[in-house]
Each structure stands twice: as structure tokens, then as C-alpha cells.
Amino acid sequence: MSSKKRKVLDDLEQPGRRSQVAPASQQSLNVAASDDAHFRHLYDRELDFKQLAEKDVDFAAVLQENGHLDFTEPKAVMQLTKTLLSLDFNLKLELPDDRLCPPVPNRHNYILWLKGLVDTSSYEPPGRPACGLDIGTGASCIYPLLGTTQRPSWRFVATDIDEKSLQYARRNVALNHLEDRITVLGRQPEDTLIPLRGRESEKVIHIDFTMMNPPFYESEDDMLSSAQSKVRPPHSACTGAPVEMVCEGGEIAHISRMLEESLVLKEEVQWYTSMLGKASSVETLVDKLKANGIDNYAITEFIQGNKTRRWALGWSFGPMRPAEHVARVKTSGWKKVSPPVLAIEVLSLHPGRSIDHAITRINEVMRSLELLSWNWDTDARKGTGRTRENVWSRASRRKKMRDQSTSFSVLSSAAPRSDPVQCRLGFDVAVEMGVSTTTVTVHWREGHDAVMFESLAGFLQGKLKNLG
């Protein structure tokens, strides 16, 4: 690695320093937070085609008289994509007839999940600056367009190996005046997926997360047999070229290739992520993560109405953990492959009970422990703590008493510590008020020791049990 690039990465490790992205102003962060609620619920309901036709004459031209849209007609599907991008994101799009036309709600779901992944795996406020890598961006360049629109502090590097897709991707970036925030890079099939090594790596200073929507199929025969074996989904008009739909080994091989690169890069990228088209691929890839000692990962399922389901997998070598709702699928069928539990309820208050006693007790207990830090946010009714070791067990308390009895000799003879203090566990304790009940929940924020997190939750549950 060049000394210039090493200096950049060293700077990034300092508190408050982030990648090539210029630090966002507090105003930008506030805008991101307020806009997120709007984007989060954008496609909660089925699309109202008649309403879209009233707002866009181009969409009205492809809508049938009965108010239905012919999803087998490529022109109609493409116009739906253009209309949604225009009305909901103020984005323009040009696409050739022989490349994939992305369904907007599905692609939007991936961006929503990424925002949650990046936001919750940091102690910084939501909306922090980040640079994403979209591997195989396609002609639409839709992920970088959606991501930069929703997050003023985000930038993207978008790559592809198909020259025609690259031409259109650059055109779509220029159409939306995003050249200063989206860099489109052409790649060769033999190049690394993540351009932090080798050819043109000097153009990419830092990447916070990767995203990828890999070819699902191992061959064209595989693609055809898959289409014949299931009910055709609503977005059934497929204009994709083979380079977009098929690769040797299918999605498992393609994501495994990114996994191999991540084993070299490790914490140079915080999150490595990919969408998946087959549920069976998730279990196969999670087994590979575990075989490589990766315990910090996240799984989600994308569902849009009655349309075909998709999944996403992300993994990290860093200690910062995402939130429970971001990392774990709630349905029972996913228990085997889900990451460790990230949130444990330790108290449920009966309706009408005051939360003041619970808050007071939480702070008394936490301040009695020798933590690295403990900070209580009164407005959020949440405290954040960090510790270098288990300081709440009986063995730890006995050790503390012994140390106190010999404190004079210890203080007089101990040599100064030169090693940096390591945090083994970071956590939140939150008082969460619902409609019918109030709970106290411990959230795992930092570290790799699941047993230590569960031990803390059990300790706090014991200290609060008389308040329920």
C-alpha cells in the first residue's frame, strides 16, 4: 500500500475523520433524519396506477383503460420505473431496450436497509458521511442515484464490466448532475470486485460499504428453467442481457468472490453486502462466514406486496454491531442462520407504573460498575456504556474488593500502562415506551463476545426485577 493511501486510512481511524467524503454539516444530518421517515414508508402500500397516471402523462399513455398495467410489455415496465424515479426522487433516467430495467421499490428497499446498517453500527448520529461501492451498477446506476438522493452526505463508486452499461450509467449520473458524488469506473472481468487494490485503485481512497445485485443464474438454461418453474411475477418483462443475468457459479460464486477479497481487506471496508435471489443461497453463504470466523453479520428479507422476495446479506470485521431489526429476520425459519441476539428485554413495566424509578435504578447500577464510560441521554431515555471486561460478575466484584484492600501497595508499585484500552463490549440500555407497556431493553452495540453481552443483560435483569 502506498504511503499516501496509508496516511488517508490512518486519518480515517481518528475520531471524527471519515473517508473522501467531505464532513456533512449538522444541517445536512438533520435533513437526512427528517427525510428518512418519508422514504421509509414510500412504498408501504400497493402502487396506485390511476393516481400515477394523473401526475404523469407519459405513464398515462401506457396505462390500460381498465387502470391496469401490462407487466409483460417492456415499454410499460420501463415507463413505470421512470415515473416512480421522477415523482418520488426527482430523478431522470435513460435506458437502452436491451439492458435490465430495475423495479424501483425493490431497489429502494436495499437502500433503506443499508441506511439502517450504516446508521446503527456507529455511535455517530444517523446520516453520517459514507462512501458506497455499487458492484455491477448496470445501465441505470440506480443504487447510487437512490442513495445520493436520500443521503446528502453519501458518495458512491459505481463499477461495471459492460461497456454499454457504463455509457448509460455515466449518462444517468450526468442527467442528474451528480458527477461530483458518483464516480463510474469501468472494470475488467479479471479485476478485483473491490477496487482498493490493483488497477485504478488510486481513484478510490476509501469505501465504507459495498453493495451488489449479482447475476442469480449459473447458466442461461438455469435462468430459463427457473422462470418456467414458478408463477410469473408482476415485473415479468425481462430486458436483461446475459452479462447481467448469468455468471459461472451463479450468485453464490460471485458473493464468495467478494468474501475472499474481504478476507484480505478486512476493516478497510466496514460492511460488505449483497442482494440474493435464492433463499437457499443465504444459508450456504452464512456457513462460509462462520467457517472464516466472521460473527458480525446481518440478514434481511425484502418483500414488496405479493412480488418475488429477495434477501440481503452483509458482514463486517469491525466490532460495531447493527440493530436487531436490521440484522435479524423475525420469522422462525431463519433462526438457524441468524446472527447472535442483539437486543434483550430485561424489564417490562405494568401500565401506569412510573418510569422514573427504573431510570434511577439503571443509572445507580451502571455508575457502580467500573466501566470505561457511561452516558445517559435524558431526552432519549437511553444510556450508552462501554467496558474493557466483565465488571459485574461476582468474581469481578470480589476482585474489586481485594484490590481496594491493597490499593496503597498497588498504586505505589504499578508501572504506567502503555497499551491502549480495548473495549470488549459496548451497549445501550433503553427505556422504550409502547402503547400498552414500557420495557427496558439492552442493545448490543460493540464487541464480538455474545456470552459477555448476555451476561450483562442477565445481571441488569436481576437488579431491576423488583420494579416490574
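The values are calculated or read from the model by the stated rules, or taken from the named source; none is laboratory data. Remember, predicted model here, so these are calculated numbers, not experimental data. Here the Cβ positions follow ideal geometry from the backbone for every residue, glycine too, while neighbour counts run over all protein chains shown. Remember, those area values only see protein heavy atoms, side chains included, never the ligands or the DNA or RNA. Shrake-Rupley method; radii C 1.70, N 1.55, O 1.52, S 1.80 Å.
Descriptive notes on the structure:
- Note on region 256-403: along the principal axes its Cα atoms extend 52, 43, 26 Å, ordered by decreasing extent.
- Accessible-area value, residue 388, 1.4 Å probe, nucleic acids and ligands omitted, Å²: 90 Å²
- Here's the list of aspartates and glutamates a cross-link from residue 382 could span, going by alpha-carbon distance under 18 Å and ignoring same-chain residues fewer than 8 apart: 119, 124, 324, 345, 356, 364, 428, 432, 446.
- Listed peptides 95-102, 133-140, 364-371 by packing density, highest first (mean Cβ within 10 Å): 133-140, 95-102, 364-371
- Proximal aspartates and glutamates to residue 335, defined as alpha-carbon separation beneath 12 angstrom and excluding residues fewer than eight positions away on the same chain: 283
- Distant-in-sequence amide H partners of residue 310 (H built 1.01 Å from N, under 5 Å): 302
- Between residue 66 and residue 389, the modelled label-to-label distance comes to 7.3 nm, taking each label 7 Å out from Cα in the direction of the beta carbon.
- Net charge contributed by nearby residues that have their C-beta within less than 11 Å of residue 340 (K/R +1, D/E -1): -2
- Residues whose amide H falls under 5 Å from that of residue 425, counting only those 5 or more places apart or on a different chain, are 387, with hydrogens built in the peptide plane.
- For residue 290, the aspartates and glutamates whose Cα falls under 14 Å of its own Cα, not counting residues fewer than eight places away in the same chain, are 260.
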